[in-house]
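Engineer: Before I ask anything, let me first share the structure, which is written out below as structure tokens.
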Amino acid sequence: MKIVYSDRHRVHRGEFEFFRGELVPCFEKPERADFVFAALVGRGIGPVLEPRRFGIAPLERVHAPRYLRFLERAWHEWSALGQTRDALPAVWPIRAFRDDIEPQSFVAQLGLYSFDSGTPLTAGTWEAACLGADIALTACALVRSGERAAFALSRPPGHHAGADFLGGYCFVNNAAVAAQAFIDGGAARVAVLDVDYHHGNGTQSIFYERADVLFQSIHGDPRTEYPFYLGHADETGRGAGLGYNRNYPLPAGSSNERWFDALGEACARIADHHPRALVVSLGVDTFAGDPISTFQLEATEYQRLGRELAALGLPTVFILEGGYAVAEIGDNVAEVLAAFDAAAV
Ligand code: 6XA
Ligand code: ZN
């Protein structure tokens, strides 16, 4: 399977995130991508290709222009306040406040466009976020030109980023950009499957009223697990999108059997949708040893995931999302991709 990668992801290196009243070192760090890259190359999965550049137009298909303008200028504005450390928000326009007027204060803008205080915005964030989208778009282009599958090895991740907000270490929603690129390239229908431990709230919200993109997510129950405020089973889409959103929230600590029951159901729905392509938000924070999650998947389960996805017989783009047991993250991704390759026809 072709891998799209660039080591320029390193320009985004968040120092701290806010956690339970303290600044703690950021879990989402450049070493994550380094471990994945090393494991894939070590297993002979490849070749590795540099991304092409696609510019901002494909991002504007799923993100609000004013949000993208904010992201592009954010570090400049933050620096102008005399700040040198990472930008983290401290005030948010929840519920009774207005979100239709963009404040002039950068600090207020940062709160307007964020939903948590755990997503440091740094000097290199915009460059890395655009690079991540280019990586996803290059993987799409490979698949559109006949590759059975491609892997977008990008960071920061994307599935928590909505049309006009960042959070959960995510700024630009790479999976949404990829799904939209398939549609814009002529695909009538696309499926997005999010197997990260955390609900893909950003991707869900972007496609919630659309019937052309089926979004499904298997994740820790939001009543106890991040991102907490979305990802329940009764969120099934709205308007034209009714029936094209499916969530499989599983209690923290759920068994592998339960996880694969959900995967089986999700795969059956993908087959019913008859998509021209599949985008997989591949988080491996479902790993038994992950420091911030509670599922129990290990190597044999990642192989099974790869096989079951291959059995769908669809042109497939895999996009890296979460996964924080850095030493093992690479092996777990490699298990999925190698098993997919071995089973794909
Ligand atoms: C809170 C935890 C964010 C989880 C991010 C993630 N800082 N999403 O892995 O998939
Ligand atoms: Zn995650």
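Engineer: Given the criterion away from ligand 1 (no atom under 15 Å from the Cβ), within 22 Å of Ala161 (Cα to Cα) and among the aromatic types (Phe, Trp, Tyr), identify the matching residue among Tyr244, Tyr302. Quick ask: steps written out before the conclusion?
Structural biologist: Details: Tyr302 fails: within 22 Å of Ala161 (Cα to Cα).
Exactly one of Tyr244, Tyr302 is away from ligand 1 (no atom under 15 Å from the Cβ), within 22 Å of Ala161 (Cα to Cα) and among the aromatic types (Phe, Trp, Tyr), namely Tyr244.
Engineer: Output the residues belonging to the range 66-94 that are among the aliphatic types (A, V, I, L, M) and either touching a Pro at 6+ places or on another chain (Cβ under 8 Å) or over 16 Å from Gln104 (Cβ atoms) (or both).
Structural biologist: Of the range 66-94, the ones among the aliphatic types (A, V, I, L, M) are 68, 71, 74, 80-81, 87-88, 90-91, 94.
Scanning the range 66-94 gives Leu68, Leu71, Ala87, Leu88, Ala90, Ile94.
Engineer: Just to be sure I understand, how many residues within the range 146-168 are away from ligand 2 (no atom under 16 Å from the Cβ) and polar (S, T, N, Q)?
Structural biologist: 0
Engineer: Does the range 163-215 hold any residues that are of a type in the set (D, E, K, R), in contact (Cβ under 8 Å) with a residue 60 or more places away in the chain and away from ligand 1 (no atom under 14 Å from the Cβ), and which are they? It would help to see each step written out before you state the result.
Structural biologist: Pass one, the range 163-215, residues of a type in the set (D, E, K, R): 164, 184, 189, 194, 196, 209-210, 212.
Checking which are in contact (Cβ under 8 Å) with a residue 60 or more places away in the chain leaves us with 164, 184, 189, 194, 196.
Asp164, Asp184, Arg189, listed by residue number.
Engineer: Looking only at the range 177-198, which residues are among the aliphatic types (A, V, I, L, M) and more than 16 Å from ligand 2 (Cβ to nearest atom)?
Structural biologist: Within the range 177-198, the first condition is being among the aliphatic types (A, V, I, L, M), and the residues that meet it are 177-179, 181, 183, 187-188, 190-193, 195.
Passing the criteria: Val177, Ala178, Ala179, Ala181, Ile183, Ala187, Ala188, Val190, Ala191.
Engineer: Next up: Is there any pair with a first residue in the range 278-291 that is under 10 Å from Tyr197 (Cα atoms) and more than 11 Å from ligand 1 (Cβ to nearest atom) and a second that is polar (S, T, N, Q) and not in a loop (DSSP other than H, G, I, E, B) whose Cβ atoms are under 9 Å apart and which are 6 or more apart or on different chains, and what are they?
Structural biologist: Phe287/Asn332
Engineer: Also, quick follow-up: Would you be able to say whether some residue in the range 244-254 is part of a loop (DSSP other than H, G, I, E, B), more than 16 Å from ligand 2 (Cβ to nearest atom) and over 14 Å from Tyr197 (Cα atoms)?
Structural biologist: Looking for residues that are part of a loop (DSSP other than H, G, I, E, B), more than 16 Å from ligand 2 (Cβ to nearest atom) and over 14 Å from Tyr197 (Cα atoms), one finds at least one in the range 244-254, hence yes.
Engineer: So how many residues does the range 199-219 have that are polar (S, T, N, Q), more than 16 Å from ligand 2 (Cβ to nearest atom) and surrounded by 24 or more Cβ atoms within 10 Å (Cβ to Cβ)?
Structural biologist: The qualifying residues number 0.
A quick yes/no check of all residues on (1) modelled with pLDDT of 95 or more; (2) out of contact with any Phe, Trp or Tyr (no Cβ under 9 Å at 6 or more places or on another chain); (3) closer than 12 Å to Gly322 by Cα; (4) among the acidic types (Asp, Glu):
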| residue | (1), (2), (3), (4) |
| --- | --- |
| Pro156 | yes, no, yes, no |
| Gly162 | yes, no, no, no |
| Phe171 | yes, no, no, no |
| Ile183 | yes, yes, no, no |
| Ala188 | yes, yes, no, no |
| His198 | yes, no, yes, no |
| Asn201 | yes, no, no, no |
| Ile206 | yes, no, no, no |
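Engineer: Among the residues of the range 16-27, write down those that are within 11 Å of ligand 1 (Cβ to nearest atom), without any contact (Cβ under 8 Å) to a residue 40 or more places away in the chain and in a loop (DSSP other than H, G, I, E, B).
Structural biologist: Answer for the range 16-27, where residues must be within 11 Å of ligand 1 (Cβ to nearest atom), without any contact (Cβ under 8 Å) to a residue 40 or more places away in the chain and in a loop (DSSP other than H, G, I, E, B): just Arg20.
Engineer: For the range 327-345, give me the residue count where each residue is surrounded by fewer than 18 Cβ atoms within 10 Å (Cβ to Cβ) and among the β-branched types (Val, Ile, Thr).
Structural biologist: Within the range 327-345, residues that are surrounded by fewer than 18 Cβ atoms within 10 Å (Cβ to Cβ) and among the β-branched types (Val, Ile, Thr) number 1.
Engineer: Here's a check for you: in the range 289-311, which residue that is open to solvent by less than 40 Å² (accessible area, probe 1.4 Å) and in a loop (DSSP other than H, G, I, E, B) is farthest from ligand 2 (Cβ to nearest atom)?
Structural biologist: Phe295
Yes or no, residue by residue, for (1) in contact (Cβ under 8 Å) with a residue 40 or more places away in the chain; (2) touching a Pro at 6+ places or on another chain (Cβ under 7 Å); (3) aromatic (Phe, Trp, Tyr):
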{"residue": "Gly14", "(1), (2), (3)": "yes, yes, no"}
{"residue": "Asp34", "(1), (2), (3)": "no, no, no"}
{"residue": "Val41", "(1), (2), (3)": "no, no, no"}
{"residue": "Gly44", "(1), (2), (3)": "no, no, no"}
{"residue": "Leu49", "(1), (2), (3)": "yes, no, no"}
{"residue": "Arg53", "(1), (2), (3)": "yes, no, no"}
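Engineer: Determine which single condition Gly186 fails, assuming it passes every other condition in (1) buried (at least 21 other Cβ atoms within 10 Å of the Cβ); (2) on the phi > 0 side of the Ramachandran plot.
Structural biologist: Answer for Gly186: the failing condition is (1).
Engineer: So, one more: Look at the range 216-229 and say how many of its residues are farther than 20 Å from Val177 by Cβ and within 14 Å of ligand 1 (Cβ to nearest atom).
Structural biologist: 9
The values are calculated or read from the model by the stated rules, or taken from the named source; none is laboratory data. In this text, all values refer to a predicted model and were calculated from it rather than measured experimentally. No Cβ is skipped: glycine too gets one built from the backbone with ideal geometry, and neighbour counts run over all protein chains shown. The area values use the complete protein model at the heavy-atom level, side chains included, leaving out ligands, DNA and RNA. Shrake-Rupley method; radii C 1.70, N 1.55, O 1.52, S 1.80 Å.
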